[in-house]
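Here's the structure, in structure tokens; my notes come after.
Each value in this text was obtained by applying a stated rule to the coordinates, not by laboratory testing. The structure presented is a predicted model; accordingly, all values stated were derived computationally and were not measured. Don't worry about glycine lacking a Cβ; one is built from the backbone with ideal geometry, like all the others, and counts go over all protein chains shown.
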Amino acid sequence: MSGYENLLSEVQEGIAVVTINRPKALNALNAATVYELDRLFDELAQNDAVKVVIVTGSGEKSFVAGADITEMRNYSAVEGRNWGKLAQAVFSKIENLSKPVIAAVNGFALGGGCELAMACDIRIASEKAKFGQPEVSLGIPPGFGGTQRLPRLVGKGRAKELLFTGDMIDAAEAYRIGLVNKVVAPAELLDTTKALAQKIMFRGQIAVQVCKAAVNEGLDVDLDSGIAYEAEVFGLCFATSDQKEGMAAFVEKRKANFTGK
Ligand code: CAA
């Protein structure tokens, strides 16, 4: 995975770590970076060696400080819409990647940065992380999915307060309202996130992927449709070797050795 100017990526023992790397702009997302994310996530989807993806920001200060304000400040309405649609599509690609994606939020996750973290499946935050959707201070609403994913994560009232005020909240508050799963000391962020990735990796991968798809599909439809989807994928999993192995291991009182088949 090479040929990227604004992203670093490495794959080790099944875990891909993707680092947004524009430290001079606090890792703000310009169009070039969003195009690179699009390309990199296509590669990650195709790479069988990758089981879980971690997304983080370079340096200690920032995860992603939002969309690049200097780049978009003179956009026309049409350019603004196209910019939003581009990043929305890439974030949906991340959200719907068949493999689990965990955000390791190391610092500022503002605007598009908070939206990127929310497109990931799970968020682990450093104690130094700060979250917010400050767009209203710039005269715009969030445009990379924030008005939709934030209320789905923290509820309508809390989301509206964050969206209307543009206030920043610290990691403890983000944890309290359910925006992040866990808060850890800055020095432990990557190790804790990798340990979680590893734990997930050693479960039945097809089952994990099916859980992800069922949650994502189900939250956008009525309960009966979601339940019906679950019954189908539940049934299909009985056609996998992983199901046979998982249940044999239980009966034989040993650890399962899943193959993802
Ligand atoms: N776009 C472009 N450049 C940015 C940036 C952004 N979103 N955020 C920070 N930078 C740049 C700064 O301009 C500065 O560059 P220079 O050194 O060349 O001046 C550098 O990063 C360091 O930033 P600061 O000097 O401002 O650092 P600070 O510690 O004083 O403040 C901060 C940190 C509070 C995060 C502040 O930088 C800030 O408020 N940034 C903007 C946050 C924001 O509004 N994000 C939302 C963007 S809009 C959006 O994301 C729309 C959407 O829905 C997609």
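Here the chain is assigned +1 on the Cβ of each Lys and Arg and -1 on the Cβ of each Asp and Glu. Its dipole about the Cα centre then comes out at about 440 debye.
Our coupling estimate for the range 82-95, obtained by passing each phi through the Karplus curve with A = 6.51, B = -1.76, C = 1.60 and θ = phi - 60°, is 5, 5, x, 5, 4, 5, 4, 5, 5, 5, 5, 4, 5, 4 Hz, Gly and Pro reported as x. Based on every Cα atom in the chain, Rg and the maximum pairwise Cα distance Dmax equal 18.9, 65 Å.
Ordering Val221, Gln198, Pro151 by Cα displacement along the dipole of the chain toward the positive end leaves Gln198 in first place; charges were set at the Cβ atoms of Lys, Arg (+1) and Asp, Glu (-1).
Computed from the Cβ-Cβ distance with R0 of 41 Å, the FRET efficiency linking Ala231 to Val78 stands at 0.40. In order along the range 152-158, phi translates into HN-Hα couplings of 5, 8, 10, x, 5, x, 5 Hz, rounded to whole numbers, per the Karplus curve 6.51 cos²θ - 1.76 cosθ + 1.60 with θ = phi - 60° and x for Gly and Pro. Dipole size of the range 57-105 about its Cα centre, with +1 on Lys/Arg Cβ and -1 on Asp/Glu Cβ: approximately 140 debye, rounded to the nearest 20.
Go ahead and run the numbers for FRET between Ser137 and Ala32, Cβ-Cβ distance against an R0 of 22 Å, rounding to 0.05. Please list the in-between numbers first.
Details: r = 25 Å, r/R0 = 1.13.
Computed FRET efficiency for Ser137 and Ala32 comes out at 0.30.
For the chain, the residue among Ala32, Gly132, Val183 whose Cα projects farthest onto the positive side of the dipole built from Cβ charges is Val183. Residue by residue, the range 7-12 carries 3J(HN,Hα) couplings of 10, 10, 8, 8, 10, 9 Hz when phi is fed to the Karplus relation 6.51 cos²θ - 1.76 cosθ + 1.60 (θ = phi - 60°); x denotes Gly or Pro.
For a 28 Å ceiling on Cα separation, which of these pairs sit above it: Lys51/Lys253; Lys93/Lys130; Lys182/Lys212; Lys212/Lys261; Lys24/Lys199; Lys24/Lys212?
Numbers: Lys51/Lys253 26 Å; Lys93/Lys130 25 Å; Lys182/Lys212 19 Å; Lys212/Lys261 17 Å; Lys24/Lys199 34 Å; Lys24/Lys212 35 Å.
Cα-Cα > 28 Å for Lys24/Lys199; Lys24/Lys212; rest within.
Each of Ala67, Ala171, Ala119 was scored by the projection of its Cα onto the charge dipole of the chain, and the greatest displacement toward the positive side belongs to Ala171; charges sit on the C-beta of Lys, Arg, Asp and Glu. Counting only DSSP beta bridges with both residues in the chain, tell me the antiparallel percent, nearest 5. Once the DSSP bridges in the chain are tallied, antiparallel ones form about 30 percent.
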